[in-house]
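Coordinate-derived values only; no laboratory data. Quick caveat: nothing in here was measured; it's all calculated off a predicted structure. Here the Cβ is made from the backbone with ideal geometry for all residues, glycine too, and neighbour counts use every protein chain on show.
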Amino acid sequence: MSFWHDAVERLEKILAGSGCEDGIVTLGVNYDADRCQYPKGVCMEAQFGGRRGQFVTNEPTRARTRISFMFGAPLATTKQRAAAGAIINAVSAFLCLTRRLQPCTKECHGPCLEALSREVAGKRVYLLGPMPLLARALEAQVADSPEEADLILVAGDGMATDAGVACIDGYRGRKRMIFIGPSSAGISGLLNLEHWCPYGR
């Protein structure tokens, strides 16, 4: 069982008996959406009950499915986990389970990066997931492995790849992790993980 299964199980308990679990979620790619500046990939968007949730990934899915597809599913691939992430975010928005499920606008990118740089100042950081902007901005602080890092920054596909899941499960509760941006908002809310998105909407 991974942190993905923990989050899905928590959501299943919240939805039990509500009828929402049989609701249809539409998954697609929104190339025009505002995007968090940190993760690399395309914006996969889930829509449920008039609310939207994003997950930035290099393996987007286009489909119509039920929320319950996740319940008890192995979620064994990056594509399945990314789809689950988008669905969790859309359902979390619909149920008001967490805030800041939409990214900030471009005018907030500079202040957000400055604030994040202050938050991690003086610490060795491991970037879990492709984050070219942070790789440049924090170049002198970036560790080559999670073992060498004081904290782990997680974004987008960093949550969804096999290596990312193994890293998060291996260090959760043992090392500080900061989950960044709207992609991680729903799971962060469900599992009480530290989440960074100060200008999100």
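Every condition in (1) of a type in the set (Asp, Glu); (2) within 18 Å of the chain's Cα centre (by Cα); (3) in a loop (DSSP other than H, G, I, E, B); (4) surrounded by fewer than 17 Cβ atoms within 10 Å (Cβ to Cβ) is met by Asp32 except one, and the failing one is (2).
The residues of the range 114-145 that are of a type outside the set (Asp, Glu), touching a residue at least 40 places away in the same chain (Cβ under 8 Å) and part of a helix (DSSP H, G or I), listed by number, are Ala115, Leu116, Pro132, Leu133, Leu134.
When restricted to residues that are touching a strand residue (DSSP E or B) at 6+ places or on another chain (Cβ under 7 Å) and either part of a loop (DSSP other than H, G, I, E, B) or without any contact (Cβ under 8 Å) to a residue 60 or more places away in the chain (or both), the range 52-82 contains 9. Against the list (1) touching a residue at least 60 places away in the same chain (Cβ under 8 Å); (2) crowded, with 17+ Cβ neighbours inside 10 Å, the condition Ile14 fails is (2).
So, of the residues in the range 116-137 that are farther than 22 Å from Ala160 by Cβ and touching a strand residue (DSSP E or B) at 6+ places or on another chain (Cβ under 7 Å), which turns out to be surrounded by the most Cβ atoms within 10 Å (Cβ to Cβ)? Across the range 116-137, the extreme among qualifying residues is Val120.
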